[in-house]
Amino acid sequence: MNDAAPNAAPQTFYLKDYKPFGYEVESVKLTFQLSPNATKVHSAIRFTPKADAEDNRFFLHGEQLSLISAKIDGTPVTARLVDGGLECDVPRTSFLWEAEVEIDPAANTALEGLYMSNGMYCTQCEAEGFRKITYYPDRPDVMSTFTVRIEGDEPVMLSNGNPTGAGEGWAEWHDPWPKPAYLFALVAGDLVNHPGSFTTKSGKEVELNIWVRPGDEGKCAFGMEALKKSMKWDEDVYGLEYDLDLFNIVAVDDFNMGAMENKGLNIFNSSCVLASPETSTDANFERIEAIIAHEYFHNWTGNRITCRDWFQLCLKEGLTVFRDAQFTADMRSEPVKRIEDVIALRARQFPEDGGPLAHPPRPEEFQEINNFYTATVYEKGAEVIGMLKRLVGDDNYYKALNLYFERHDGQACTIEDWLKVFEDATGRDLSQFKLWYSQAGTPRVKVSEEYADGTYTLTFEQSTPPPPGQPEKAPRVIPIAVGLLSPNGDEVRATEVLELTEAKQSFTFDGLASKPVPSILREFSAPVILERETTNSERAFLLAHDTDPFNRWEAGNALAKEVRVAMVLDGAAPDAAYLDALEKLVRDDEQDPAFRALVLSPPSQSDIAQTLHERGHTPDPQKIYDAAETFTQTLAQQLETSLPRLYAATTVEGPYVPDADGAGKRALNSRILSLLTRLDGGEQAARQYASADNMTQQYAALAALMKAEKGEAQSKAFFEQWQDDRLVMDKWFALQIACAAPETTAATAKELTQHPLFSMKNPNRFRAVMGALAGNHAGFHHASGAGYQLLAENLIALDSVNPQTTARMCAAFQTWKRYDSKRQAQIQTELERILATSDLSRDTHEMVSRMLS
Ligand code: 0A1
Ligand code: ZN
């Protein structure tokens, strides 16, 4: 064994140090002899030295492998085991490398490499998991074709590409498309398939399968339809066709992330593919459709064109998130999707960009790449592409994308390659735009205005507070979509994209009869924080009149924040004008129910804390909680007489269909039910719980009751009904913590960690409990410090089981500097306690050190 010693002085990798590998890999043949504790992997790899190699060191990555034998051209050789892999003296001409190793999938609780989940073998190789399967140049710029033979007694044995043969106890696969090792996959076990098929635009018939554990067959139909829609959409919108005869998806219960785009064999966290009306909510259905699309779209943006090195991760992830957002907008509602995405960006990416974990979409250094699968790389990476599209226009965007696929198919690329296709396709210089990829931090854009003699002037000033390690900030190109409304609510200037390129810049609009009301940053045209002095009455005006649905919601959201901030800071009563505006909107049946539900959903307590912090105040979580409670109670009372009618009017009758229209109505209905439950003692919610025939309504009723502390009986019944369904049980675990009052949150979470169904080995269950704890703002930040302590204890315990999930969940502490000195001291103690743990993983070590720096 040559395990890299954990807790060894961590090595830092730099983008500037990139060097190509000195050998071509012509072909890879792998043979697996499966056995839970002693799987043998034989590799036969043809290497050819590159004539122009800068560095011809023959180094193969390898971790947690027992090397049995190594041969070159059939002759045994002695390889030198070194830190993180092996070295060997090799010929200067083409040669066949063979190695046999033994690995222990059953002991692999880190869920990286080959591991077992519920008795089934599966793999996760992104980013650097293949080196835990065999010795290999495990880097994304090494691409090769793979032939795989699996020997074992599992009823189903799958790998990438097309099947080439199978018999008693064996199966063979060949993937004709050269790929990096991170896209390798193997699955073997007792699985059943939900079949389907798709005919591509050029008439090729593709066999589709979703493979699941026996018993889950009934939860595949929605995923299969989502897959077919994705295949068709990618042909229609990007002209991209699938390139194998077979596309397999497998559902796995134990998985660190959402899903993985392995070539022809996508592996999914079962929570991201299994769906049924009885067990999944509308939000689950929407997410499943989006993730299936995301993984499928990677077939071109990620697999056919991959990344040169892991610093370029946003090349595939930003683009694929952007594409899946386009897909969801087309399948469902464009404005609703945009609003949901901006809410998520502000909740997850803005805090990251403004805190100790800030990094650019293309980081320039890392210790553990798994720590960089972040909201910045994914979601901000997608925002950057959205800005690029806005700046060059739709036609030029698709022209550039066509050039990208034509020029780079089969290659491992960089952000420079990506921007070059846009420059070549449009003739535009993107050197300033490129700063979005290299600078961290969320720009703040201050807006001022002037009106005189029919001319209206908007002046923008941009600045970015310096994130760690990046003091100097040059001005970026910021596309700002602006429209102007007249005081009577008519749009007097349609949306125009202003290009802010300087630190301070003004734009004028002539010929206006009166001072207009500006609607700025329509559709959230850039991921920035807009700062503008304005009044609540202007916000209310935009909430009523803006023609841009995103900005209409944004006005309502800003208004809600102002009202809540005033309640927290001045102990003010909820603003009556705002309550009236909400009442008017919620009763306006002309408005889209999904939009009404979004406006009725208050900004999160964490969002209010962030806003207070940005304005120079120290947020008090308990006061923020109290203000939220008072506000919701007052709103419920204000709406009291209309709530029963609204509830009835928004109840969706008939069989459940997980479509956008029904989901929008149910979202509004659930909001109304939660308000109603504050007034009727839970009568309506109890009725809904008893009669619900789908999880959306059952869950909404349970949540409303539990929030009102009236759901004990229903919570028991829910447990009885669903205790054998792991995914539904995750909801049950999380909901109890999400609904707990601040002073009981940590105790509730702690008690649930003692529950027989709690497990450290299943990331979904761990996240259900610890994620809900961190997500209950006032509970997690309760003055006792019990929330911090409980999370730290559990992270320490998880680290030796599953470093990746531990490290990712450490980010719950990233906003710690927002809070008062007592809370900061409590968190610092916990972070230091984690860091002092012996044998701490490299993953967790890096995250905690960055937060403490
Ligand atoms: N590439 C996948 C996400 C993914 C990343 C890392 C993983 O293990 C460390 C697993 C999955 C995607 O974007 O869907
Ligand atoms: Zn992805």
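Here, each number is a calculation from the coordinates, and none is a lab measurement. Predicted model only: the values in this text are computed from it and were never measured. In this analysis, Cβ positions are derived from the backbone assuming ideal geometry, glycine residues included, and neighbour counts consider all displayed protein chains.
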- Query: Ranking Val82, Val250 by Cβ neighbours within 10 Å, fewest first, what do you get?
  - Reply: Val82, Val250
- Rounded FRET efficiency, nearest 0.05, which uses the C-beta distance separating Thr744 from Glu614 and R0 of 41 Å: 0.85
- Inter-probe distance in nm under a simple model that places probes 7 Å from Cα toward Cβ, at Arg587 and Thr75: 9.2
- Query: List the lysines whose alpha-carbon lies under 21 Å from that of Lys201, not counting same-chain residues fewer than 8 positions away?
  - Reply: Lys228, Lys229, Lys232, Lys263, Lys399
- Sequence of Cys272, Cys314 once ranked by neighbouring C-beta atoms within 10 Å, starting from the fewest: Cys272, Cys314
- Item | Expected 222 nm ellipticity per residue - DSSP helices of 4 or more, -39500 (n - 2.57), all of the chain, to 500 | -12000 deg cm²/dmol
- Query: When the Cα centres of the range 349-379 and the range 628-648 are compared, how far apart do they sit, in Å?
  - Reply: 40
- Separation of the Asp839 and Ser604 label points, Cα + 7 Å toward Cβ, nm: 3.4
- Task: Run through the DSSP bridge list for the chain and note the antiparallel percent, rounded to the nearest 5.
- Result: 80
- Message: At q = 0.17 Å⁻¹, what log₁₀ I(q)/I(0) does the range 1-130 have when each alpha carbon counts as one equal point scatterer in the Debye sum?
- Response: -1.05
- Message: I'd like the GluC sites (Glu not before Pro) in the range 553-610 restricted to DSSP loop residues with at most 11 other Cβ atoms within 10 Å, sorted by number.
- Response: Glu590
- Message: Roughly how far apart, in whole Å, are the Cα centres of the range 759-829 and the range 93-158?
- Response: 32
- Query: Long-range amide H contacts for Leu65: which residues qualify at under 5 Å (H placed 1.01 Å from N, peptide plane, sequence gap of 5 or more or a different chain)?
  - Reply: Asn2
- Ranking of Lys16, Lys515 by count of other Cβ atoms within 10 Å, fewest first: Lys16, Lys515
- Where a label projected 7 Å from the Cα of Glu499 along Cα→Cβ would reach, residues of the range 373-387 with amide N under 20 Å: 383-387
- Message: Please list, ordered by chain and number, the residues whose modelled amide H lies under 5 Å from the amide H of Tyr23; skip anything fewer than 5 residues away on the same chain.
- Response: Lys50
- If you wrap a convex hull around the Cα atoms of the range 147-249, how much volume per residue is inside, in Å³? 111
- Message: I want the antiparallel fraction of DSSP beta bridges within the range 22-158, as a percent rounded to 5.
- Response: 85
- Work from the charge dipole of the range 710-793 (Cβ charges, +1 for Lys and Arg, -1 for Asp and Glu, about the Cα centre) and give the residue of Gly779, Gln721, Pro763 farthest towards its positive end. Pro763
- Cleavage-rule hits (GluC sites (Glu not before Pro)) in the range 126-201: DSSP loop, at most 13 neighbouring Cβ within 10 angstrom: Glu168
- Query: What is the gain in length, in nm to one decimal, between Asp153 and Glu832 on full extension, counting 0.36 nm per residue of separation less the C-alpha to C-alpha distance?
  - Reply: 239.7 nm
- Note on the structure: 1/(1 + (r/R0)^6) with r = Cβ-Cβ of Val192 and Asp330, R0 = 30 Å, i.e. FRET efficiency to nearest 0.05, evaluates to 0.40
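Can you give the extra length, in nm with one decimal, that the chain gains between Thr651 and Asn118 once fully stretched, where that is 0.36 nm per residue apart less the Cα-Cα distance?
The Thr651-Asn118 span can extend by a further 187.9 nm.
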- How many angstrom lie between the C-alpha centres of the range 401-440 and the range 454-515? 26
- Ratio Rg/Rh, restricted to the chain and using Cα atoms, in which Rh is the Kirkwood radius: 0.96
- Point-charge dipole on Cβ atoms (K/R +1, D/E -1) for the range 351-409, about Cα centre, debye to 20: 240
- If the chain between Lys446 and Ser642 were fully extended at 0.36 nm per residue, the gain over the current Cα-Cα distance would be 66.5 nm
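Too long at a 24 Å Cα-Cα cut-off: which of Lys16/Lys50; Lys665/Lys707; Lys761/Lys822; Lys561/Lys822; Lys473/Lys561? All intermediate terms of the calculation are to be shown ahead of the outcome.
On the way: Lys16/Lys50 22 Å; Lys665/Lys707 21 Å; Lys761/Lys822 34 Å; Lys561/Lys822 26 Å; Lys473/Lys561 29 Å.
Result: Lys761/Lys822; Lys561/Lys822; Lys473/Lys561 exceed 24 Å.
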- Query: In nm², what is the average projected area of the convex hull enclosing the Cα atoms of the range 88-172?
  - Reply: 7.3
- Query: According to a simple spin-label model (label point 7 Å from Cα along Cα-to-Cβ), what is the distance in nm between Gln723 and Glu629?
  - Reply: 3.2
- Message: Taking just the alpha carbons, could you work out the radius of gyration and Dmax for the range 719-853, both in angstroms?
- Response: 14.5, 48
